[in-house]
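Every number here is computed from the coordinates shown, using simple stated rules; none is lab data. Just so we're clear, the structure is a prediction, and the values are computed from it rather than from any experiment. Positions of Cβ are generated from backbone atoms using ideal geometry, with glycine treated the same way; all protein chains shown enter the neighbour counts.
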Amino acid sequence: MIDWTPFILTLKLALLTTIILFCIAIPLGYFLSKRKNIFTIFLETLFGLPLVLPPTVLGFYILITLGKNSLIGDFLSEHFDIQLVFSFSGLLIGSIIYSFPFMIQPLQAGFSTIPEDLIHAARLMGKKEITILLKVVLPNMKSAILSGLVLTFAHTIGEFGVVLMIGGNIPDKTKVASIAIYDYVESMQYDNAHEYAFILLCFSFTILFLLYYFNRKNNFNLK
Amino acid sequence: MINISLHKKINKSKVQSQFQLEFDLGDIIGITGPSGKGKTTFLKVIAGLMDCEEGKIIFNDTIWLDTSSKIRLSPQERNIGFVFQDYALFPNMNVIQNIAFAQNGQFEKGELERLIDAFEIKSLLKQKVNTLSGGQKQRVAIARALVQLPHLLLMDEPFSALDFRVKQRVINYIKSFQCKYHTPILINTHQIHELEALTQHIYELNDFKLQLLDMDATIQVKAIVTKINIEERTMEVELDRRNYVLPLKKDIALGEQIQISID
């Protein structure tokens with residue numbers, strides 16, 4: 001009988017990471033697509049780092065930053081009795097940082113494809129900026145939004161290094177599916193590892209297939 | 001009364017172009033001139049979509065822009081209808097949704113039906129805008145700007161994709177709209193003949209300045225020779241997508257660009 005707890009934990013982590021990152025990346029992606037200066041290039045580089053750094057490097061720095069001996073860790077522990085390291089909340093923060101480029105880059109690219117005159121036209125009609133964002137900008141970058149959501153979700157499901165560094169391997173708390181597979185392989189339980197790995201493989205294939213399928217269908221010609 | 005005085009550098013030019021214009025509510029003003037001289041920029045500065053080095057725009061005692069006292073109303077506060085050269089229709093909406101998004105509540109339903117009929121877009125209302133032809137998009141863009149019942153209507157090359165028959169219908173509707181609502185209109189075009197049916201107030205943007213054209217003067221335009229009939233001693237020239245038959249000139253070749261005078 002398969003223990004589904006690591007999968008439920010994985011889905012919970014992926015879902016929360018995707019929702020939180022979406023809310024952060026919409027205003028940030030819009031800002032980055034409209035301005036080009038040394039500050040925005042610095043931000044782009046910073047946000048792109050998880051793409052090139054080994055997850056262990058990122059995990060190590062997050063561990064140091066959030067750990068009990070750090071300024072933030074100490075403050076949270078002392079005043080709110082919150083311990084981020086080896087907890088689901090810490091895992092979520094690590095996930096958000098690690099998956100950042102997978103959300104921000106498609107959204108930023110999506111914002112840049114919106115012709116400036118569309119926004120101008122809506123402004124001249126007296127529409128507020130939030131109305132323009134919701135009624136004009138976002139509906140015309142559905143492909144980019146779908147890419148950001150699906151890639152972030154899928155990438156979080158496949159996370160391993162950062163998760164292991166920050167969350168460890170605590171059943172029902174931080175033991176997500178990828179860690180469970182590692183655990184089974186280490187203890188030579190190849191049948192269990194195979195079950196988990198195959199489910200993850202099928203799941204990832206399906207969501208990527210759906211992404212490519214809907215992106216092709218939604219391919220707007222803005223001109 | 002609308003009073004516009006702007007100084008703006010166009011296309012990284014070192015010299016500032018000067019735009020001085022004064023007109024009344026209900027006036028239709030044409031602006032012509034070669035491409036790249038700043039006609040579109042001029043309209044965008046009036047609309048508040050671009051900044052200028054120095055300038056003042058007063059619309060009926062309301063200051064829209066005054067760089068010296070740092071007053072600058074946002075585009076939302078100016079209520080300007082703008083027909084963009086590239087139409088700027090919203091691809092996520094169909095034709096009627098594009099129009100409804102801009103429509104002012106005071107634009108009557110009966111008037112909307114008349115507009116849809118005049119612009120021949122009734123059969124297109126449920127179509128997504130990216131399935132339309134250039135001419136159809138242009139008609140929707142003009143319709144969308146009109147239903148907004150703007151204080152000022154700015155049109156950038158508004159008839160460039162329309163054939164002669166449809167252009168006449170659209171121009172006739174704009175004239176009747178103008179009579180009813182007295183909306184001042186500024187029209188940019190490099191096809192001066194398009195303006196003659198609408199207005200006698202035509203300015204030319206040249207040498208970094210707006211200059212009023214003398215409409216009684218002869219205008220020199222360039223046309224292409226498309227047909228030569230040696231027997232009848234005539235030639236056909238194409239001008240503004242229309243053909244004209246003229247007496248044959250000596251030493252003229254097919255496809256040649258010639259200069260002709262229009263009174």
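Per residue of the protein assembly as shown, what 222 nm ellipticity follows from adding -39500 (n - 2.57) for every DSSP H run with n ≥ 4, rounded to the nearest 500?
-15500 deg cm²/dmol
Output needed: percent of Cα pairs per 10 Å distance bin for region A:5-217, bins running from 0 to the one holding the longest distance.
Going from the shortest bin to the longest, the percentages are 8, 28, 32, 21, 10, 2, 0.
Relative to the longest principal axis of chain B, what angle (0 to 90°, nearest 10) does the C-alpha long axis of helix B:134-147 take?
Helix B:134-147 sits at roughly 40 degrees to that axis.
If amide H atoms are built 1.01 Å from N in the plane of the peptide, which residues on other chains or at least 5 residues away come under 5 Å of the amide H of B:Glu256?
Here B:Val225 satisfy the definition.
Calculated FRET efficiency, B:Leu254 and B:Phe164, Cβ-Cβ r, R0 30 Å, to nearest 0.05?
0.80
Which of the peptides A:112-120, B:107-115 is most tightly packed, and how do the rest follow, going by the mean number of other Cβ atoms within 10 Å of each residue?
A:112-120, B:107-115
Just order B:137-147, B:197-207 by mean Cβ neighbour count inside 10 Å, highest at the front, would you?
B:137-147, B:197-207
Quick one: check the C-alpha center-to-center distance for region A:35-58 versus region B:57-80, whole angstrom.
Region A:35-58 and region B:57-80 have Cα centres spaced 41 Å from each other.
Need one value for B:99-106: mean number of C-beta atoms belonging to other chains within 10 Å of its residues' C-beta atoms.
That average works out to 2.
Could you grab the Rg to Rh ratio for region B:10-144? Cα atoms only, Kirkwood for Rh.
Over the Cα atoms of region B:10-144, Rg/Rh equals 1.01.
Cα atoms only, chain B: Rg and Dmax in Å?
20.2, 69
For an R0 of 41 angstrom, estimate the FRET efficiency from the Cβ-Cβ distance between A:Met1 and A:Ile72 and round to the nearest 0.05.
With R0 = 41 Å, the Cβ-Cβ based efficiency is 0.50.
Choose one of A:Asn192, A:Leu133, A:Ile181: the residue whose Cα lies farthest towards the positive end of the charge dipole of chain A (beta-carbon charges +1 Lys, Arg; -1 Asp, Glu; about the Cα centre).
A:Leu133
Please give the contour-minus-distance gain from B:Ile224 to B:Tyr244: 0.36 nm per residue of separation, less the Cα-Cα distance, rounded to one decimal in nm. Don't skip to the answer; put the middle values down first.
On the way: separation 20, 0.36 × 20 = 7.20 nm, distance 1.03 nm.
The span from B:Ile224 to B:Tyr244 would gain 6.2 nm if fully extended.
Can you give me the C-alpha center-to-center distance between region A:155-188 and region B:82-117, rounded to a whole angstrom?
Taking the Cα centre of each part, region A:155-188 and region B:82-117 sit 55 Å apart.
What translational diffusion coefficient, in µm²/s and rounded to a whole number, does the Stokes-Einstein relation yield for region B:219-262 at 37 °C and a viscosity of 0.692 mPa s, taking the hydrodynamic radius as the Kirkwood radius over Cα pairs?
316 µm²/s
Just grab the label-to-label distance for B:Ser35 and B:Glu22, each label 7 Å out from Cα along the Cβ direction, in nm (one decimal).
Roughly 3.5 nm, to one decimal.
Give the dimensionless ratio obtained when the Cα radius of gyration of the protein assembly as shown is divided by 2.2 N^0.38 Å.
1.34
Grab the beta carbon distance between B:Asp207 and A:Ser89, set R0 = 51 Å, and tell me the FRET efficiency rounded to 0.05.
For B:Asp207 and A:Ser89, the calculated efficiency is 0.15.
Take A:Thr131 and B:Gln106, extend 7 Å from each Cα along the Cα→Cβ direction, and tell me the distance between the two endpoints in nm.
Each label point is offset 7 Å from its Cα along the Cβ direction, giving 1.6 nm.
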